[in-house]
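A.B. asks: Input: one structure, supplied below.
The values are calculated or read from the model by the stated rules, or taken from the named source; none is laboratory data. If you're wondering where the values come from, they're calculated on a predicted model, not measured in any experiment. Methodologically, a virtual Cβ is constructed for each residue, glycine included, from the backbone with ideal geometry; neighbour enumeration extends over all protein chains shown.
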Amino acid sequence: MNKKGFTLIELLSTIAIMGLIATMTSINVINILQNKKEINTQNKNSLISTAACVYIELEKNASLKETCLTSSCNISTDILIEEGLLAEDVVTEPKIVQIYKENNHKICVVKDDKNG
C-alpha cells in the first residue's frame, strides 16, 4: 500500500523548527532596533553638546565662557534652539549640557537624566 502525506511526528518537528527560527529572528530584530535607538540617542547628544560648545565660543558670550571654564556651567537646549544653533526636531525633551574644564580641555557633556 502506497501512503501519501506526512506523519504526525514530521509535522510537529517542522512546526518546532519553524518556531525556533521565528524566535531567533525576532530576538535579533529586537536587538537591532534597540541598538539603533541607542546610537540615535548618542548622535543627538553629540550634536547637542557640540552646539553648546559653539554657543560659549560666540563673542557675545565671553564672560559665560570664562565662568564655564573656571567653575562650570549648565546650558539648556532651549537656549541653543533660541540662538539657532540647534533645530527643534533634534530635541524631543529639554536637556542640560554641562560645560567645564578638565586637563586644560573644554568638556561639553549632556547630563544623563538618570544620574542628574
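A.B. asks: Within segment 90-116, work out how many residues are farther than 15 Å from Asn45 by Cβ and within 21 Å of the chain's Cα centre (by Cα).
C.D. replies: Residues flagged as farther than 15 Å from Asn45 by Cβ and within 21 Å of the chain's Cα centre (by Cα) within segment 90-116 amount to 1.
A.B. asks: Still on this structure: Looking at Thr67, Thr7 in this structure, which one is out of contact with any strand residue (DSSP E or B) (no Cβ under 7 Å at 6 or more places or on another chain) and at pLDDT below 95?
C.D. replies: Just a single option satisfies the conditions, and that option is Thr7.
Matching residues to (1) surrounded by fewer than 10 Cβ atoms within 10 Å (Cβ to Cβ); (2) more than 30 Å from Val91 (Cβ to Cβ); (3) in contact (Cβ under 8 Å) with a residue 12 or more places away in the chain:
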{"site": "Lys4", "(1), (2), (3)": "yes, yes, no"}
{"site": "Leu12", "(1), (2), (3)": "no, yes, no"}
{"site": "Thr25", "(1), (2), (3)": "no, yes, no"}
{"site": "Lys44", "(1), (2), (3)": "no, no, yes"}
{"site": "Ala51", "(1), (2), (3)": "no, no, yes"}
{"site": "Glu57", "(1), (2), (3)": "no, no, no"}
{"site": "Lys65", "(1), (2), (3)": "no, no, no"}
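A.B. asks: Taking segment 89-116 on its own, how many of its residues are in contact with a helix residue (DSSP H, G or I) (Cβ under 7 Å, 6 or more places away or on another chain), free of Cβ contacts under 8 Å to residues at least 60 places away in the same chain and closer than 11 Å to Ile48 by Cα?
C.D. replies: Number satisfying all stated conditions: 6.
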